[in-house]
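What follows is a short report on a single structure.
The values are calculated or read from the model by the stated rules, or taken from the named source; none is laboratory data. Keep in mind the model is a prediction, meaning the values are calculated, not measured. Positions of Cβ are backbone-derived with ideal geometry, glycine not excepted, and every protein chain shown enters the neighbour counts.
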Amino acid sequence: MKRRKTLWDEINEKLKEELSERQYGLWFKRVKGGDLETDHILRLECDNEYVKSFIERTYGALLKRILTDIGYPMVQIKFEVKKDGGPKEEIFTKKENKIKPKVSATGLQERYTFENFVPGKNSEMAFSAARAVAYAPGEEYNPLFIYGGVGLGKTHLLHAIGNDTIKRKKNIKVLLITTEELISKIVDAIQKRKLNEFRNKIRSFDILLIDDIHFLSGTQFIQEELFHTFNSFYNEKKQVVFTADRPPWDLENIAERLVDRFSWGLVTDIKPPEYETRLAILKLKAQERGLELPDEVFGLIARNVKKNVRSLESCIVRLHAIYSLKRIPITEELAKKELADIFSSASLKEPEDVIQLISEFYNIPKTEIMGKKQKKELTHARHVAMYIMKNIYAMKVTEIAKFFGRDHTTVLNAIQKIEKRLPQDENFKEEIREIEKLLKSL
């Protein structure tokens, strides 16, 4: 017999619609509730006192509005702490390992194909769109804009598009170029007074694949050149694909009309792979090298390297080298010892990760934390983020200042305010501890 919906079930459905998956998982997944009591009270059980007070303070108004929306404006919520308060639910959520395999005249690396890319829930859309572009360039998704963190497979898909297209369309001309290479070539062409020659050459290609377009930031003349080159490709129904570390609308110091062009076609992202996809990637990479590993070794790596596909591959390369040189069985204990440095590196957080978690922790948009407004709740979240970056992840004050677009003194003062307050405020100290725990679980 199907269970009847309780009032808390109805509220939960609304919370899932209004909050991100991580926000909901972070604060409400473990909250227990039931039906309305006779005195118009709804009791909710939280894991501990800290979670209870945080939900009351941060999400109380949202819960009250939801109750009104579903027809219970007079209900009062009573928060309680579970007697057996359990652990926090895990929340979900880079240095590049440069390899220089065979490179063709078009800039393509032949080892990157669709066949050896492992798509998962984190990359299904980007993978499907890339295949569609390779099958029918210049038609459905033009431009295609793929964004995501370092080492997740954006560059792999870029090369795969070029390799797959050339394999099926022998006479098609494909150019893959990084943004840094593009800038260098344009500057060189200007110095040699061969800009028109360079323009004609680049526009003679049928497909233009540009990697790491975010490095275009602040280069006004180069942006102007790319704007006209893009228009030329688009008007002639030639395919253009870009990759970046963030979506077009979040790119800094990029001309508005160029950002607009980036968004004309399909914008899609690649997220960090989930556990099952990490396992599939590891097994494929091991198979490619003829390396047989026990399931517990695959599991060990997949649990410790969560965000970077290149780091997953680095683990397999390391273990393959050990096996090839020493001819000894790869056990879980051996893998744990030999891969400790990769595991340690993989656990480091990027500044963007800190901002994302702080945003969801305090229920404040990232743009507000990164912005200039001086409201009390905004400056508090901003200062906490700066403190975390300095004291937990050992970033230099100058690096933090550059990331936030502030001067060195402003950041130093913000961090000192947090350091001064911590010994005097137990609740605030618990708040910082909670953030640190959550960051470790990313």
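What tally of residues in the range 1-45 results from selecting those that are at pLDDT 75 or above and in a loop (DSSP other than H, G, I, E, B)?
Here the count works out to 12.
One line per residue, one yes/no per condition, for (1) closer than 23 Å to Ser314 by Cα; (2) modelled with pLDDT of 90 or more; (3) buried (at least 18 other Cβ atoms within 10 Å of the Cβ):
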site	(1), (2), (3)
Lys326	yes, no, no
Ile342	yes, no, yes
Leu357	no, no, yes
Tyr387	no, yes, yes
Thr409	no, no, no
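Which of (1) of a type in the set (A, V, I, L, M, F, W, C); (2) at pLDDT 90 or above; (3) closer than 23 Å to Glu124 by Cβ is the odd one out, the single condition Phe233 does not satisfy?
In the conditions (1) of a type in the set (A, V, I, L, M, F, W, C); (2) at pLDDT 90 or above; (3) closer than 23 Å to Glu124 by Cβ, Phe233 misses (3) alone.
Mind listing whichever residues of the range 131-157 are closer than 17 Å to Phe114 by Cα and part of a loop (DSSP other than H, G, I, E, B)? Talk me through it step by step, then tell me what you get.
First, the residues of the range 131-157 that are closer than 17 Å to Phe114 by Cα: 131-137, 144, 146, 151-157.
Across the range 131-157, the qualifying residues are Ala136, Pro137, Gly151, Leu152, Gly153.
Which ones in the range 247-271 are among the aromatic types (Phe, Trp, Tyr) and surrounded by 18 or more Cβ atoms within 10 Å (Cβ to Cβ)?
If the condition is that a residue be among the aromatic types (Phe, Trp, Tyr) and surrounded by 18 or more Cβ atoms within 10 Å (Cβ to Cβ), then Phe262 is the only one that fits.
Within the set of pairs 6+ apart or on separate chains, which have a first residue in the range 209-226 that is assigned by TED's automatic domain parsing to the domain that holds Gln239 and over 21 Å from Leu195 (Cα atoms), a second that is crowded, with 17+ Cβ neighbours inside 10 Å and of a type in the set (Asp, Glu), and C-beta atoms under 7 Å apart?
His214/Asp245
Only residues that are crowded, with 20+ Cβ neighbours inside 10 Å and among the charged types (D, E, K, R): list them for the range 195-211, please.
Listed by number, the list holds a single entry, Asp211.
Tell me which residues, restricted to the range 294-312, are buried (at least 20 other Cβ atoms within 10 Å of the Cβ) and either among the β-branched types (Val, Ile, Thr) or part of a loop (DSSP other than H, G, I, E, B) (or both).
Matches in the range 294-312: Val297, Ile301, Val305, Lys307, Asn308, Val309.
Among the residues of the range 272-293, which ones are hydrophobic (A, V, I, L, M, F, W, C) and either under 18 Å from Thr331 (Cβ atoms) or surrounded by fewer than 21 Cβ atoms within 10 Å (Cβ to Cβ) (or both)? Steps first, answer last, please.
First pass over the range 272-293, keeping only residues hydrophobic (A, V, I, L, M, F, W, C): 279-282, 284, 286, 291, 293.
Correct list: Leu279, Ala280, Leu282, Leu284, Ala286, Leu291, Leu293.
How many residues does the range 56-68 hold that are modelled with pLDDT under 85 and either over 22 Å from His380 (Cβ atoms) or surrounded by 16 or more Cβ atoms within 10 Å (Cβ to Cβ) (or both)?
Residues meeting the conditions: 2.
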